[in-house]
Structure formats: C-alpha cells, structure tokens
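The values are calculated or read from the model by the stated rules, or taken from the named source; none is laboratory data. Just so we're clear, the structure is a prediction, and the values are computed from it rather than from any experiment. Methodologically, a virtual Cβ is constructed for each residue, glycine included, from the backbone with ideal geometry; neighbour enumeration extends over all protein chains shown. Note: areas computed on protein heavy atoms with side chains; ligands, DNA, RNA excluded. Shrake-Rupley method; radii C 1.70, N 1.55, O 1.52, S 1.80 Å.
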Amino acid sequence: MSNQMKRDHRCRLLVAKYELERMQWKAISRQKNLPNEIRYESFFKSSKLPRNSSRTRVRNRCIFTGRPRSVSKLFRVSRLVSRELASRGSLLGINKSCW
C-alpha cells in the first residue's frame, strides 16, 4: 500500500468520524433566522474540526493500483484496471465489446 493510499484511507476514516458533527455546525451557520453571534460561533466551531475531516479533501483512488485519475465511482477502479477486468470477465454484467 503506497503512502498516498494510506493517507487517503486515514482521511476517509476522519470524514466518517466527524461527518455528523460537521453537518450540524454547517446547518446552524446557514440558518438565516438565527442571530449572527450564534451563526458565527457555529462557523468557528466547524472551522476548528480537522482539515482532513472535510469530504472535499478525499481523493478517489483505484483500490488496486492507487491511481488517482480516471477512477470509476461505481467500482473504485481506474480505467486501466477496469479494462483488464472486463476483458477477463471479472466484472459482473460488463464485457469488453469487440467487432
């Protein structure tokens, strides 16, 4: 497992751990009918959460090679691996077309 894959895995665990708390603080800070002091306090508390607990910092990587680009969300594999698996028939319901 490469260093980037380990970091990505830790980041995914942090996202899962702080997801509910982050959503609650964001929901409070977005309420327009609440006083500004409460909204600002909730924004401040959400900014104190770990940076890597944000969902936007998670990078989709191939589970076989760790490749960060052209990764299918459905199978979490890169296009190169999915092509190889499809030609071998390992992906259910998908076959490589030939004519």
Please identify the pairs in which a residue from region 61-90 that is in contact (Cβ under 8 Å) with a residue 24 or more places away in the chain has its Cβ atom under 8 Å from the Cβ atom of a residue that is in a helix (DSSP H, G or I) and exposed (fewer than 15 other Cβ atoms within 10 Å of the Cβ), counting only partners at least 6 apart or on another chain. 61/4; 66/4; 68/4
Residue in region 61-72 that is nearest to residue 17 (Cα to Cα), counting only those that are of a type outside the set (Lys, Arg) and open to solvent by 70 Å² or more (accessible area, probe 1.4 Å): 63
Out of (1) part of a helix (DSSP H, G or I); (2) in contact with a helix residue (DSSP H, G or I) (Cβ under 8 Å, 6 or more places away or on another chain); (3) surrounded by 13 or more Cβ atoms within 10 Å (Cβ to Cβ), what's the single condition that is false for residue 75? (1)
Condition first: within 30 Å of residue 90 (Cβ to Cβ), at pLDDT 85 or above and among the β-branched types (Val, Ile, Thr). Now tell me which residues in region 25-69 satisfy that. 63, 65
I'd like the full set of residues that are closer than 15 Å to residue 58 by Cα and of a type in the set (Val, Ile, Thr), limited to region 10-36. 15
